[in-house]
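For reference, the structure is listed below as structure tokens.
The values are calculated or read from the model by the stated rules, or taken from the named source; none is laboratory data. Here the structure is a predicted model, which is why all the values come from computation and not from measurement. Glycine also receives a Cβ, built like all others from the backbone with ideal geometry; neighbour counts cover every protein chain displayed.
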Amino acid sequence: MYFNAKTIFWSILIIALCFSTSCKEDKPDTPPPPPKKEVKVPKFERDSSYTFIQTQVNFGPRVTNTPEHAACKDWLVGKFKSFGAEVIEQDFEAKAYTGTVLKGTNIIAQYNPGNKNRILLAAHWDTRPVADYDPDESNRDKPILGADDGASGVGVLLEIARQLNLNPIDLGVDFILFDAEDYGESKGGDYKTWCLGSQYWGKNLHKSGYRANYGILLDMVGAKNARFTLDETSMTYAPAFMRKVWKLAQGMGYGSYFVSEQTQILIDDHLFINQLTGIPTIDIINRPMKSETGFGDYWHTLNDNMDVIDKRTLRAVGQTVLAVVYRENNGTF
Ligand code: AHN
Ligand code: ZN
């Protein structure tokens with residue numbers, strides 16, 4: 001037996017018809033979801049983040065329990081709302097090491113609150129009540145402006161929120177601005193006197209069962225020639241994530257800021273996030289070389305003002321974190 005052209009033609013036609021009908025029967029009624037669209041990493045506007053820092057500093061020191069602090073809170077909440085976030089003001093009371101009862105507020109700004117796939121970005125928005133490391137002894141009971149220690153992290157996060165509003169993505173993103181981080185007792189005080197806002201949040205999550213894939217804390221991210229090292233706390237709880245972020249920053253040309261050097265254990269909000277929630281969280285924080293305190297020479301002094309802030313540092317941090325956020329959304333991180 002042999003196949004002529006006619007037989008082959010009819011055989012193929014019949015097979016093709018069978019396939020097409022059976023395929024149709026297998027198809028579900030609902031169309032498949034559209035392919036996830038990639039969103040390009042937006043440009044981080046450093047001038048915008050600088051202005052957000054300046055505005056905070058213009059309120060004066062933002063010490064918990066003061067009118068300047070309350071005024072700044074209203075501005076921050078309004079800003080996040082104007083950028084399309086759903087904002088929760090989590091009020092709490094906590095006793096400071098001085099005995100003062102602090103009435104604090106953690107500001108939580110959410111994007112895509114219904115999405116289970118989410119990340120957490122944090123900073124502290126309060127400033128230290130005392131300049132206890134000021135070289136001039138007569139200044140040591142005065143509150144600091146906290147341009148870098150407080151305002152810089154918040155300023156970078158506000159610019160990221162502004163970009164999220166302009167360049168929407170599906171990923172869930174939560175910004176948490178912690179209060180009462182910097183009311184702690186230095187020089188021998190208990191580590192739990194610090195980070196009162198994050199300790200409260202860790203024990204009283206704004207949503208029960210709240211989870212995020214990971215978290216990034218920004219603290220003192222605006223100083224000229226800042227040096228962001230791999231701190232032991234981050235490396236204990238989130239080593240793989242931390243190395244990935246540093247590698248990304250270095251690949252983007254920010255290797256002079258993001259240095260792969262390990263530094264000592266650090267008490268900061270990320271410690272309590274890690275310990276209380278188990279969300280792997282890293283800290284991007286300036287650890288200069290040859291520093292007595294381990295922080296910048298302006299740290300906890302009256303010199304922590306706008307003169308400390310360098311827009312190039314803001315861009316290095318802001319563009320790196322934006323890249324993490326958008327790559328996570330695109331599935332390319
Ligand atoms: C301590 O000094 C114990 N931790 C540094 C955390 C901090 C203070 N970040 C900003 N101000
Ligand atoms: Zn501080």
Test: Leu230 is within 18 Å of the chain's Cα centre (by Cα) and closer than 25 Å to Tyr111 by Cβ: no
Region 266-285 residues that are within 22 Å of Ala249 (Cβ to Cβ) and without any contact (Cβ under 8 Å) to a residue 40 or more places away in the chain, paired with ones that are hydroxyl-bearing (Ser, Thr, Tyr) and away from ligand 2 (no atom under 14 Å from the Cβ) (beta carbon under 8 Å, 6 or more apart): Leu266/Thr233; Leu266/Ser234
Conditions (1) of a type outside the set (Phe, Trp, Tyr); (2) closer than 25 Å to Phe44 by Cα; (3) more than 16 Å from the chain's Cα centre (by Cα); number of the one not met by Asp182: (2)
Residue match in region 255-275 (condition: touching a Gly at 6+ places or on another chain (Cβ under 9 Å), under 17 Å from Ile160 (Cβ atoms) and of a type outside the set (Asp, Glu)): no
Total residues in region 53-104, condition closer than 28 Å to Ile169 by Cα and touching a Ser or Thr at 6+ places or on another chain (Cβ under 8 Å): 5
Residue list for region 59-100, filter: surrounded by fewer than 17 Cβ atoms within 10 Å (Cβ to Cβ) and of a type in the set (Ser, Thr, Tyr): Ser82, Tyr97, Thr98, Thr100
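Out of contact with any strand residue (DSSP E or B) (no Cβ under 8 Å at 6 or more places or on another chain), on the phi < 0 side of the Ramachandran plot and surrounded by 23 or more Cβ atoms within 10 Å (Cβ to Cβ): does that describe Trp201?
Values: out of contact with any strand residue (DSSP E or B) (no Cβ under 8 Å at 6 or more places or on another chain): no; on the phi < 0 side of the Ramachandran plot: yes; surrounded by 23 or more Cβ atoms within 10 Å (Cβ to Cβ): yes.
So Trp201 does not fit the description; no.
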Close pairs from region 182-208: first within 18 Å of Asp219 (Cα to Cα), partner within 12 Å of ligand 1 (Cβ to nearest atom) and among the small types (Gly, Ala, Ser), Cβ under 6 Å, at least 6 apart: Thr193/Gly184; Trp194/Gly184; Leu196/Ala180; Gly197/Ala180
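What about Ile267, is it within 25 Å of Thr100 (Cβ to Cβ) and surrounded by 22 or more Cβ atoms within 10 Å (Cβ to Cβ)?
No.
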Flag for Ser152 being within 23 Å of Gly78 (Cα to Cα), within 16 Å of ligand 2 (Cβ to nearest atom) and either in contact with a Phe, Trp or Tyr (Cβ under 7 Å, 6 or more places away or on another chain) or not β-branched (Val, Ile, Thr) (or both): yes
Answer residue from region 137-168, given it is of a type in the set (S, T, N, Q) and under 30 Å from Lys187 (Cα atoms) and is surrounded by the most Cβ atoms within 10 Å (Cβ to Cβ) among those: Ser152
Some residue of region 239-250 being modelled with pLDDT of 95 or more, more than 16 Å from the chain's Cα centre (by Cα) and closer than 24 Å to Trp125 by Cα: no
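Which of the residues belonging to region 218-231 are more than 13 Å from ligand 1 (Cβ to nearest atom), outside any strand (DSSP E or B) and within 14 Å of Thr263 (Cβ to Cβ)?
Ala226, Arg227
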Cβ pairs under 7 Å, 6+ apart, first in region 307-333 and closer than 16 Å to Gly222 by Cβ, second among the hydroxyl-bearing types (Ser, Thr, Tyr) and not in a helix (DSSP H, G or I): Val308/Tyr298; Thr313/Tyr257; Ala316/Tyr254; Ala316/Tyr257; Thr320/Tyr254
Extreme residue, surrounded by the fewest Cβ atoms within 10 Å (Cβ to Cβ), among residues of region 289-312 that are under 18 Å from Gln56 (Cα atoms) and away from ligand 2 (no atom under 16 Å from the Cβ): Asp307
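Conditions (1) without any contact (Cβ under 8 Å) to a residue 24 or more places away in the chain; (2) within 26 Å of Ser208 (Cα to Cα); (3) of a type in the set (Gly, Ala, Ser), marked per residue:
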{"position": "Ala123", "(1), (2), (3)": "no, yes, yes"}
{"position": "Asp134", "(1), (2), (3)": "no, no, no"}
{"position": "Leu145", "(1), (2), (3)": "no, no, no"}
{"position": "Asp149", "(1), (2), (3)": "no, no, no"}
{"position": "Leu157", "(1), (2), (3)": "no, yes, no"}
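Would you confirm, using the coordinates I've provided, whether Leu271 is in contact with a strand residue (DSSP E or B) (Cβ under 9 Å, 6 or more places away or on another chain) and closer than 23 Å to Phe175 by Cβ? Don't jump to the end; show me each part of the working.
Numbers: in contact with a strand residue (DSSP E or B) (Cβ under 9 Å, 6 or more places away or on another chain): yes; closer than 23 Å to Phe175 by Cβ: yes.
Yes, satisfied.
Looking at region 208-217 only, could you name the residues that are in a loop (DSSP other than H, G, I, E, B) and either within 16 Å of ligand 2 (Cβ to nearest atom) or more than 14 Å from the chain's Cα centre (by Cα) (or both)? I'd like the intermediate steps shown before the answer.
Taking region 208-217 and keeping what is in a loop (DSSP other than H, G, I, E, B), we get 208-214.
Of everything in region 208-217, those that are in a loop (DSSP other than H, G, I, E, B) and either within 16 Å of ligand 2 (Cβ to nearest atom) or more than 14 Å from the chain's Cα centre (by Cα) (or both) turn out to be Ser208, Gly209, Tyr210, Arg211.
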